[in-house]
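Student: Input: one structure, supplied below.
The values are calculated or read from the model by the stated rules, or taken from the named source; none is laboratory data. In this text, all values refer to a predicted model and were calculated from it rather than measured experimentally. Cβ sites come from the backbone with ideal geometry, for glycine too, and all protein chains shown count toward neighbours.
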Amino acid sequence: MKHTDIQACDKITAASDPWKTLHERIDFGYHISLKEAHVCTIDEDLAGFVIFTPAPVFARGGYLRAIGVAPSRRGQGVGKMLMNFAEKITSQQSSNLFLCVSSFNRDAQVFYKKLGYTKAGTLPDLIIQHASEYIYWKRLNSRG
């Protein structure tokens with residue numbers, strides 16, 4: 001991701017949960033500086049982004065910080081492509097990948113389950129009252 005991609009990524013988050021419901025933004029510049037932010041482009045248009053830390057940060061696993069797909073590109077495999085990229089890079093350093101998904105974000109929960117993620121825990125009222133953050137986990141390889 002480059003700084004010139006930030007505006008397009010901000011538009012994706014403004015139109016998407018969980019950011020819409022949580023009234024949150026992502027500091028893309030910060031994640032660019034850490035080399036954690038990546039984009040997918042199709043026909044020179046930004047189709048989506050993924051932000052992740054591949055190094056083991058929790059329970060021998062990397063952490064998916066955020067993923068977003070442009071509304072016009074949803075249902076076209078962009079999210080799966082971004083997740084495959086994150087998993088491939090993470091598997092070179094970590095044996096697991098973890099993520100959090102909001103309890104109200106049911107579409108995301110279905111998406112992660114289809115990709116082989118398992119709900120591993122619940123953090124009630126973590127960000128807002130009456131909404132939990134679910135911890136999802138996927139074993140990427142048998143590295144110790």
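Student: Cβ contacts < 6 Å: first residue in contact (Cβ under 8 Å) with a residue 12 or more places away in the chain, restricted to the range 69-86; second residue of a type in the set (Phe, Trp, Tyr), any location; separation 6+ or different chain. Result?
Tutor: ALA86/PHE52
Student: Let me ask something else about it. Given the criteria over 17 Å from ASP17 (Cα atoms), within 11 Å of the chain's Cα centre (by Cα) and among the aromatic types (Phe, Trp, Tyr), does TYR63 qualify?
Tutor: Details: over 17 Å from ASP17 (Cα atoms): yes; within 11 Å of the chain's Cα centre (by Cα): yes; among the aromatic types (Phe, Trp, Tyr): yes.
Criteria met by TYR63.
Student: Moving to a separate point now. Taking PHE98 as the residue in question, decide whether it is within 23 Å of ALA131 (Cβ to Cβ), touching a Phe, Trp or Tyr at 6+ places or on another chain (Cβ under 8 Å) and at pLDDT below 95.
Tutor: no
Student: Out of the range 66-81, which residues are under 14 Å from the mean Cα position of the chain (by Cα) and part of a helix (DSSP H, G or I)?
Tutor: Selection gives VAL78, GLY79, LYS80, MET81.
Student: All but one of (1) part of a helix (DSSP H, G or I); (2) at pLDDT below 95; (3) among the β-branched types (Val, Ile, Thr) hold for VAL57, so report the exception by its number.
Tutor: Among (1) part of a helix (DSSP H, G or I); (2) at pLDDT below 95; (3) among the β-branched types (Val, Ile, Thr), the lone unmet condition for VAL57 is (1).
Student: Mind counting the residues in the range 2-51 that are assigned to a loop (DSSP other than H, G, I, E, B) and on the phi < 0 side of the Ramachandran plot?
Tutor: The number of residues fulfilling the criteria is 11.
Student: Here is a further query. Looking at the range 52-63, can you tell me whether even one residue there is in contact with a strand residue (DSSP E or B) (Cβ under 9 Å, 6 or more places away or on another chain), among the charged types (D, E, K, R) and surrounded by fewer than 21 Cβ atoms within 10 Å (Cβ to Cβ)?
Tutor: Checked against the condition, which is being in contact with a strand residue (DSSP E or B) (Cβ under 9 Å, 6 or more places away or on another chain), among the charged types (D, E, K, R) and surrounded by fewer than 21 Cβ atoms within 10 Å (Cβ to Cβ), the range 52-63 yields at least one hit.
Student: A further question follows. Given the criterion within 28 Å of GLN7 (Cα to Cα) and among the hydroxyl-bearing types (Ser, Thr, Tyr), identify the matching residue among SER103, SER94.
Tutor: On the way: SER94 fails: within 28 Å of GLN7 (Cα to Cα).
One residue alone meets the criteria, SER103.
Student: Looking only at the range 22-40, how many residues end up being closer than 16 Å to PRO71 by Cα and either in contact (Cβ under 8 Å) with a residue 40 or more places away in the chain or out of contact with any Gly (no Cβ under 9 Å at 6 or more places or on another chain) (or both)?
Tutor: Within the range 22-40, residues that are closer than 16 Å to PRO71 by Cα and either in contact (Cβ under 8 Å) with a residue 40 or more places away in the chain or out of contact with any Gly (no Cβ under 9 Å at 6 or more places or on another chain) (or both) number 1.
Student: Taking ASP43 as the residue in question, decide whether it is under 22 Å from TRP19 (Cα atoms) and of a type in the set (Asp, Glu).
Tutor: Numbers: under 22 Å from TRP19 (Cα atoms): no; of a type in the set (Asp, Glu): yes.
Considered against the rule, which asks whether it is under 22 Å from TRP19 (Cα atoms) and of a type in the set (Asp, Glu), ASP43 comes out as no.
Student: Right, something else. Scan (1) modelled with pLDDT of 95 or more; (2) more than 20 Å from LYS2 (Cβ to Cβ) for the single condition LEU126 breaks and write down its number.
Tutor: (1) is the only condition that LEU126 fails.
Student: Do you know which of the residues in the range 82-136 that are of a type in the set (Val, Ile, Thr) and part of a strand (DSSP E or B) is surrounded by the most Cβ atoms within 10 Å (Cβ to Cβ)?
Tutor: VAL101
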